[in-house]
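Structure, as structure tokens:
None of the figures in this text is laboratory data; all of them are computed from the coordinates on show. Small disclaimer: the values here were computed from a predicted structure and weren't measured. Note that each Cβ is placed from the backbone with ideal geometry, even for glycine, and that neighbours are counted across all protein chains shown.
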Amino acid sequence: MDTTNRKTALYGHLSAAASVSVWGTTYISTKVLLRTFDPIEILFIRFIIGTIVLFIMSPHILKPKSLKEELYFLGAGVTGITAYYYLEHVSLQFTLATNVGVIISLAPFFTGLILQIGNHKTRVLSRNFILGFIIAMAGVVFLNFNGNAEFAVSPFGDFLAVMAALCWSFYSLFSKKVMNMGYDVIRVTRRMFIYGIIFMLPIIATRGFHVKAEEIFRPVNLFNLLFLGIVACSLCFIMWNYATGAIGPVKTSVYIYVTPVVTAVTAAIILGEPLTWAAIIGIALALTGLVISERHPAEKDA
């Protein structure tokens, strides 16, 4: 690997790590906003803010060269923006948050499995990847059930969480295809957002949109909406899409293992939640699984 490729890979890993570091803290903002807004209202507002920011950053219009390229943008918007976030939020209404936290962490495995099915000639699910996945999942279980003996199988809610993880896997693959087109990452991300917003509209039409201006501009709500829209949406999706193009969807996806680690640490620092031995073991296992999964991976992320 030459120097340029090494730098690209390094920036890709750093971008993925930075993205999940922020996403691991967003549950606090979402929890605050759910006191006032419906989940689809939060999603719609935050991605509208994100899209506006991306237009300011790069006002030029992206013009795909073919219908096939346009369909990849559409696929990324539907799977990663609309479907993933909405399914995740709805699943929380039917099953335990601990269940959802564990199930969502299956996304890297789903990504590798889909790539493996689509490319029989390349060994995507390497031994390191499988071993790292098992260790990381053990860590995620420790973290999500930290100090909580409650566990219950909820077929419908758990199924929705599985579908959310699967949608994120497809998003990773679509975004890789899009990044291979060579377009500016800001314009790419903005186009995905636009399709995501478009496909939120039928849900809003069904559930209704009852947001009042004074609720949005209430300081605590405005701060959290801006954080989710500008940082968690605009900046983090730019970094995640860049990482996907730089190091591939499988290597990028395994950084999802870090999300519950960040969540646990943030909860301890900001909310004062205890960092128990179970949490510490979970953090160690999740990070160990990440490192092992990234060691000499055999996949060629096409």
- prompt: For the modelled label position 7 Å from the Cα of residue 52 along Cα-to-Cβ, which residues of the range 231-254 have backbone nitrogen atoms closer than 17 Å?
  reply: 231-235
message: Calculate log10 I(q)/I(0) of the chain for q = 0.07, 0.08, 0.10 Å⁻¹, where I(q) comes from the Debye formula with a single equal point scatterer on each Cα and nothing for solvent.
response: -0.25, -0.34, -0.53
message: I want to check the label-to-label distance for residue 28 and residue 287. Put each point 7 Å from Cα in the C-beta direction and report it in nm to one decimal.
response: 1.9
message: Taking 0.36 nm per residue of sequence separation and subtracting the Cα-Cα distance, how much length would be gained by fully extending the chain between residue 215 and residue 10, in nm to one decimal?
response: 69.6 nm
Relative contact order for the chain, counting Cα pairs under 8 Å that sit 6 or more residues apart, in percent: 40
- request: Provide the packing ranking of 39-51, 193-205, i.e. peptides ordered by the mean count of other C-beta atoms within 10 Å per residue, highest first.
  value: 39-51, 193-205
Residue-span extension gain [residue 269 to residue 134] - 0.36 nm each, minus C-alpha spacing: 45.8 nm
- request: Measure off 7 Å from each Cα along the Cα-to-Cβ vector at residue 222 and residue 184, then give the distance between these two points in nanometres to one decimal.
  value: 2.9
field: Cβ crowding within 10 Å averaged over residues, with 9-17, 250-258, 233-241 ranked highest first
entry: 250-258, 233-241, 9-17
message: Going by average Cβ density within 10 Å per residue, which order do the peptides 73-86, 177-190 take, highest to lowest?
response: 73-86, 177-190
Relative contact order of the range 172-291, pairs being alpha-carbon contacts under 8 Å that are 6 or more residues apart, as %: 33
query: Where nothing but the Cβ of Lys and Arg (+1) and of Asp and Glu (-1) is charged, how large is the charge dipole of the chain around its Cα centre, in debye to the nearest 20?
result: 820
field: Residue-span extension gain [residue 154 to residue 71] - 0.36 nm each, minus C-alpha spacing
entry: 26.4 nm
